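Working notes, beginning with the structure itself.
The values are calculated or read from the model by the stated rules, or taken from the named source; none is laboratory data. These numbers were taken from a predicted model, which means no experiment stands behind them. Methodologically, a virtual Cβ is constructed for each residue, glycine included, from the backbone with ideal geometry; neighbour enumeration extends over all protein chains shown.
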């Protein structure tokens, strides 16, 4: 077993050191600014210097440079740094994505993005959609593995049910999935890609060295680069599997502040919320009553009251449990003001249902049920981890 102080070497590092690990001659790299080397050099620069045959770049949500907010991407056709053609994959899937890949002329797709270990973070579904396209087009798909920043030991939350599939959750994995992108690619390829593509992908994972499952990102020796504009810190990533659920409510989830997903509030909240949450003595968490004013997104420019979530012990902190208790207490304290948001472009699905993966959370909270009851009924032997989520066959580390 690797020493916890040993620096992790990513799949991108290994490929730069040995370009013969893949055979592609016209390689399309799926990446953005998170694909950095340990010295903070962009992966594109490093791979070109290593004479890996990059011929095109593919950008996800937020764009190659990460300047776009949630639900947006960048529109440049050429990467100004490398001069390579740049294809925007966001909001492309199915035949449209197949055509984008075909038009690029690549013979291999390589994925190198930093995930944060949460089902409704869209980079993994960019990976999935492109893996399906690669299978249909019969070209190899290669994943350059990177750490799961919130460790690889714990899974939490329910499995998604098919009716609620969307770009914030294509397939049945838990909210906190506990896998690296390479492990997740292997699982999805074995379980799901054939159903969408008619065949599994020709998948290769270039694994890391020096990473063990108990490590959080700040124990890897790698530099933290914020994975997107609203996940600025490791603490943001740690709370996100739970407080990300507030995107489905009428509360601000802290977008437009310097502490997104750690600050949660609304005009109707008062100090009772923080007090009631602290009385629950949730493991690894404390709450501070706060006031804040988002500069954009929900309630922009308004003075809000709410809470800041503090992680006191990240190894016992259960983000999904914490988020659901926060929602339950809100509904109890402010029944006339608290509300759910409609799903994007849909009249029959609430956004919270897409995030949770079913309507169970919304229906249970509206009925006044305690979180322990509906978390336990979401397919679990233990309250907060789904019993039927087993990924032993996919583990690489």
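Against the numbered list (1) in contact with a strand residue (DSSP E or B) (Cβ under 8 Å, 6 or more places away or on another chain); (2) assigned to a helix (DSSP H, G or I); (3) in the same structural domain as residue 20 (by TED's automatic domain parsing), residue 191 comes up short only at (1). Contact map, the range 80-99: first residue within 20 Å of residue 170 (Cα to Cα), second residue assigned to a helix (DSSP H, G or I), Cβ cut-off under 6 Å, separation 6 or more or different chains; pairs are 89/126; 92/100; 93/129; 97/129; 97/133; 98/133; 98/136. (1) without any contact (Cβ under 8 Å) to a residue 12 or more places away in the chain; (2) in contact with a helix residue (DSSP H, G or I) (Cβ under 6 Å, 6 or more places away or on another chain): which one isn't true of residue 162, the others all being true? Exception for residue 162: condition (2).
Filtering 267, 283 for residues that are touching a strand residue (DSSP E or B) at 6+ places or on another chain (Cβ under 8 Å), surrounded by fewer than 23 Cβ atoms within 10 Å (Cβ to Cβ) and at negative phi leaves a single hit, 267.
Residues in the range 128-150 that are in a loop (DSSP other than H, G, I, E, B), in contact (Cβ under 8 Å) with a residue 60 or more places away in the chain and under 26 Å from residue 209 (Cα atoms): 140, 145, 146, 147, 149, 150. Being crowded, with 21+ Cβ neighbours inside 10 Å, in a loop (DSSP other than H, G, I, E, B) and touching a strand residue (DSSP E or B) at 6+ places or on another chain (Cβ under 7 Å) is not true of residue 111. Being under 19 Å from the mean Cα position of the chain (by Cα), not in a loop (DSSP other than H, G, I, E, B) and not assigned by TED's automatic domain parsing to the domain that holds residue 116 is a property that residue 309 lacks. Residues of the range 249-272 include none that is within 19 Å of the chain's Cα centre (by Cα) and under 30 Å from residue 95 (Cβ atoms). Looking across 154, 184, 159, 179, one residue alone is assigned by TED's automatic domain parsing to the domain that holds residue 47 and not in a loop (DSSP other than H, G, I, E, B). It is 184.
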